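A.B. asks: Okay, here's the structure, questions in a sec.
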Amino acid sequence: MRKAPRQQRSRVTVDAIVEAATRVLARRGWARFTTNEIAAVAGVSVGSLYQYFPDKLAIAEAIRQRHLDEVLAALSGSDEDGDAPAPLPRRVERFVDGVIAAHSVDQALHRVLVDEVPLAARSTYPEFEAEYQRRYLALVAESGGPGDGADAGIAARMLSSAVEGAVHAAARRGDLEAAAMRTELVRLVLAYLSDRQSAG
């Protein structure tokens, strides 16, 4: 962002711009995503928009940051075990439900963000990446398996890559919310974790 909003009115303006931009990007795609239309939908002047964002790519980055926050919020539910630890299949089901929920918020927007917008690598969001990987690492560690912490870290990254690839492909095809997709994703994660357990 060009300048951070400090006053309440400024924060409201920035929120309105990002909300409007999210709708425009999902509906129009990256090629027809313009600051003029964003400003019109947000009900602000183009000058006001440029006070906070130097160009449309900066706005897209703000949209992406909000999406990443939604991903973590959706995954947070998978940590809730209650009084006693749930069996591994139940933990995996909750985890998969969180992943699917995170990517189902706005599938049209998600497809544009993944396929069209020339955004920086996600590694430029180190806090998000660390927390995202921590959730996979917890799932791997709780399931048991061979090796030390380094091996578990590699396993977590392998699992997150596999799940992400499957979920992104399903979102592109429009079948992310199909019951069979959830069943197969649970089966994939369980098979990987169970294989690691048996190798321990």
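The values are calculated or read from the model by the stated rules, or taken from the named source; none is laboratory data. Everything numeric in this text was worked out from a predicted model, so none of it was measured. Counting neighbours? That spans all protein chains shown, and the Cβs are built from the backbone with ideal geometry, glycine included. Side chains included, ligands, DNA and RNA excluded: accessible areas come from the protein's heavy atoms. Shrake-Rupley method; radii C 1.70, N 1.55, O 1.52, S 1.80 Å.
A.B. asks: Using a 1.4 Å probe and counting only protein heavy atoms, arrange 6, 196, 27 so the residue with the most accessible area comes first.
C.D. replies: Largest to smallest exposure gives the sequence 6, 27, 196.
A.B. asks: Name the residue farthest towards the positive end of the dipole of the chain from the options 44, 25, 171, assuming +1 on Cβ of Lys and Arg, -1 on Cβ of Asp and Glu, about the Cα centre.
C.D. replies: Farthest towards the positive end: 44.
A.B. asks: In region 42-75, whose amide N lies under 18 Å from the spot 7 Å out along Cα-to-Cβ of residue 27? List them in ranges.
C.D. replies: 42-46, 60, 63
A.B. asks: At a threshold of 8 angstrom on Cα-Cα distance, excluding pairs fewer than six apart, so keeping six or more, what relative contact order does the chain reach in percent?
C.D. replies: Numbers: 188 pairs, mean separation 42.1, N = 200.
Here the relative contact order equals 21 percent.
A.B. asks: Between region 47-73 and region 6-45, what's the alpha-carbon centroid distance in Å?
C.D. replies: Using only Cα atoms to place each centre, the spacing works out to 9 Å.
A.B. asks: So how strong a dipole does the chain carry about its Cα centre when Lys and Arg Cβ are +1 and Asp and Glu Cβ are -1, to the nearest 20 debye? Write out the running numbers ahead of the final one.
C.D. replies: Details: 25 positive and 27 negative charges, 177 e Å.
Dipole about the Cα centre, nearest 20: 860 debye.
A.B. asks: In what order, largest first, do 136, 192 sit by accessible area if the probe radius is 1.4 Å? Walk me through the numbers before you get to the answer.
C.D. replies: Numbers: 136 0, 192 70 Å².
Correct descending sequence by accessible area is 192, 136.
A.B. asks: Provide the gained length on full extension for the span residue 73 to residue 133, in nm with one decimal, where the gain is 0.36 nm per separating residue minus the Cα-Cα distance.
C.D. replies: Numbers: separation 60, 0.36 × 60 = 21.60 nm, distance 1.40 nm.
Between residue 73 and residue 133, full extension yields 20.2 nm more.
A.B. asks: Suppose R0 equals 41 Å; then what is the FRET efficiency for residue 86 and residue 125 from their Cβ-Cβ distance, rounded to the nearest 0.05?
C.D. replies: 0.90
A.B. asks: Applying 1/(1 + (r/R0)^6) with R0 = 25 Å to the Cβ-Cβ distance of residue 162 and residue 66, what FRET efficiency is obtained, to the nearest 0.05?
C.D. replies: Details: r = 26 Å, r/R0 = 1.02.
With a Förster radius of 25 Å, E is 0.45.
A.B. asks: Here is a follow-up. Given R₀ = 41 Å, FRET efficiency for residue 187-residue 58 by Cβ-Cβ distance, to 0.05? Show your work: numbers first, answer last.
C.D. replies: On the way: r = 41 Å, r/R0 = 0.99.
With R0 = 41 Å, the Cβ-Cβ based efficiency is 0.50.
A.B. asks: Helix-only estimate, please: 222 nm mean residue ellipticity of the chain, summing -39500 (n - 2.57) across DSSP H runs of length 4 or more and dividing by its residues, to the nearest 500. Walk me through the intermediate numbers first.
C.D. replies: On the way: 9 runs with 147 residues, N = 200.
Dividing the helical sum by the residues of the chain leaves -24500 deg cm²/dmol.
A.B. asks: Accessible area of residue 114, 1.4 Å probe, to the nearest 10 Å²?
C.D. replies: 50 Å²
A.B. asks: Could you order 158, 181 so the one with the most accessible surface comes first? Probe is 1.4 Å.
C.D. replies: Ranked from most to least accessible, the order is 158, 181.
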